[in-house]
Structure formats: structure tokens, C-alpha cells
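Okay, structure first, notes after.
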Amino acid sequence: MSLLTINKLTASVGAEVRDVDPDRLAADGGLGAAVLQALEDNGVLVFRGLRIDPAAQVAFCRQLGDIDHSADGHHPVAGIYPVTLDTAKNSAAAYLRATFVWHIDGCTPLGDECPQKATVLSAVRPAERGGETEFASAYAAYDALSDDEKLRLGSLRVVHSLEASQRRVTPDPAPEELARWRSRPTREHPLVWNHRSGRKSLVLGASADYVVGMDRDAGRALLAELLDRATAAGKVYSHSWTAGDTVIWDNRGVLHRAAPYAADSPREMLRTTVLGDEPIR
Ligand code: OGA
Ligand code: MN
């Protein structure tokens, strides 16, 4: 029997986990394996009103894998990164505006890192209006293709770039800004990710710029159409935040975005990222 009480939130993505508290999550040898399995099965796990403190959040995440420390220094607890548009709390806040567009984290790493395995977000302060986080399954997106599409799309490769992500929210960058974006290497990924588990998912979202060997406009139209289908209203779980909620997503098989919220909103989320160990192939 599973150690967790789980209720599905939609047919394709998201489940609520009941009956856990921060002590149970942070205890060594506790629920890590069960949470990873539930994440594989549901894509997104919601812990309403968990009220886990930052240090306990990091301790819990260690049971899921190695923690990303590359963005440390914005918060006193190592392994915690504040997600907020408030530049007083995060000096890199401007880049976070790209979170308003559907994406998969980590498709354009600096080195040869794999996309993150899982991301944990806890709400310190939700937005007054908007600011829900929306999720759609990239596995379900693949599964819903016709047999003909599965065949046709299975061999396509897509170039991802930071520039593509950023242009969607900043279409007319200053030359210095553009140069900063372009200093990040672009990455070519297959459109269809063949996972070690045997499952397949579509690698789509803000960073996906163009399809290799295809007319630019036609390739972009294809990527946009696939993204629209993957994120159609009936396929999305939208999390409306209350302070103290914690949500985890499987970044390998889930697309996500923030619903719009005001640029001067006090919205603040604390993120911990679990590093991935599975290349996109
Ligand atoms: C992220 C992200 C969405 C949100 O932290 O990677 O996309 O709702 N966040 O803040
Ligand atoms: Mn993100």
C-alpha cells in the first residue's frame, strides 16, 4: 500500500496529497521514494497548507535527489531561491517574466546539465489577483498524437535558446540585453523525449525556437500548434495559491507557466530545484 493518500485533480495531470506534515516529509528514510513515484504517476503534487519552513523544504528535497545550488545567495537558506518580480528580493527578477509563457525548466543549460528532475514551490505570499501556476502533461501531449503524427514527429529536432524564451516577453531588447541572451549556448533537442522509463513526452515551450531542417515559419507554426493542443483548457491543472501551499512538479514530463500577475505584486514563492540526471534523447 502507498504511504501517501492521493486524490487526482484532473484526468491527465495533478494530484493532491493529504495526511502529510512537514515533520513526516523531512524525516530521513521517510517519504522520498513514495513522493517520487507519485510524481511520476501524476506529474504534479499539491500539498495544501503544508507550511513547511525553508530549511525543512531543502531537507525534504534532498530525499528526491541532489539539490541545485547554482542560484544560491538570494535567500539566507542554501537551496532556496525566491521567485518574485520584486527586485528587492531577487535581483534577477526581470528574467522571471518569461515564467508567464508555457515552458520546461532547464532546456538551455550553461553546460551539459540535464533538465531538472523536480521543482518544489512554496507560497510565502500569493498574488492578490492572478498568479496561479498552471500545469499540463507533456506525456499526455505525446500520447494524444495520432499514430501518423507519432511517426512523423519522432525524428524531428528542435533548437532551444534563452533568446527565444526572453523574446516572448521582451520582443525588442536593447543590444546589450540581446548580447547577454546570446552568450548562453543554444541547445538542440529531439521533439520527442524517449525516457528511461519507456514513456515518451513532447519537449515544447518558450525555449523551443525552430525545427531543424524545416522552413522557419512552418516549424514555428507546428511547435505553436502542438503547444496549443498540449495546453488546451481541459488538459490543464491551475493551482490557486494560498500562503503555506507547496507544489512539486516533474519538470521532465510537465509544462508549466505562471498566470499573469501585477509587476508590483508582493507575490513571493520559495523554490527548491532537484537536479536531473536524464538527458533529453
Ligand atoms: C519556476 C516557474 C512559475 C510560478 O519557478 O520555474 O516557472 O508560478 N514558476 O511562479
Ligand atoms: Mn519555470
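Structure notes:
- Per residue, segment 60-194 exposes 48 Å² of accessible surface when a 1.4 Å probe is rolled over the protein heavy atoms with every protein chain present.
- Label-to-label distance, Ser70 versus Ala243, with points set 7 angstrom from Cα along the beta-carbon direction: 3.3 nm.
- Candidate aspartates and glutamates for bridging to Lys89, where Cα separation is under 16 Å - those fewer than 8 sequence places away on the same chain excluded: Asp72, Asp264, Glu268
- Treating r as the C-beta distance of Ala33 and Asp217 and R0 as 45 Å, the FRET efficiency rounds to 0.45.
- Anisotropy class of segment 5-274 from Cα gyration tensor, a/c 1.5 cut: oblate
- Within straight-line reach of Lys8, meaning a Cα separation under 23 Å, sit the following lysines at least 8 residues removed in sequence or on another chain: Lys117, Lys200, Lys235.
The values are calculated or read from the model by the stated rules, or taken from the named source; none is laboratory data. Not measured: the values here are computed from a predicted model. All Cβ positions, even for glycine, are placed from backbone atoms using ideal geometry, and neighbour counts span all protein chains on display. Surface accessibility is based on the protein's heavy atoms, side chains included, excluding ligands, DNA and RNA. Shrake-Rupley method; radii C 1.70, N 1.55, O 1.52, S 1.80 Å.
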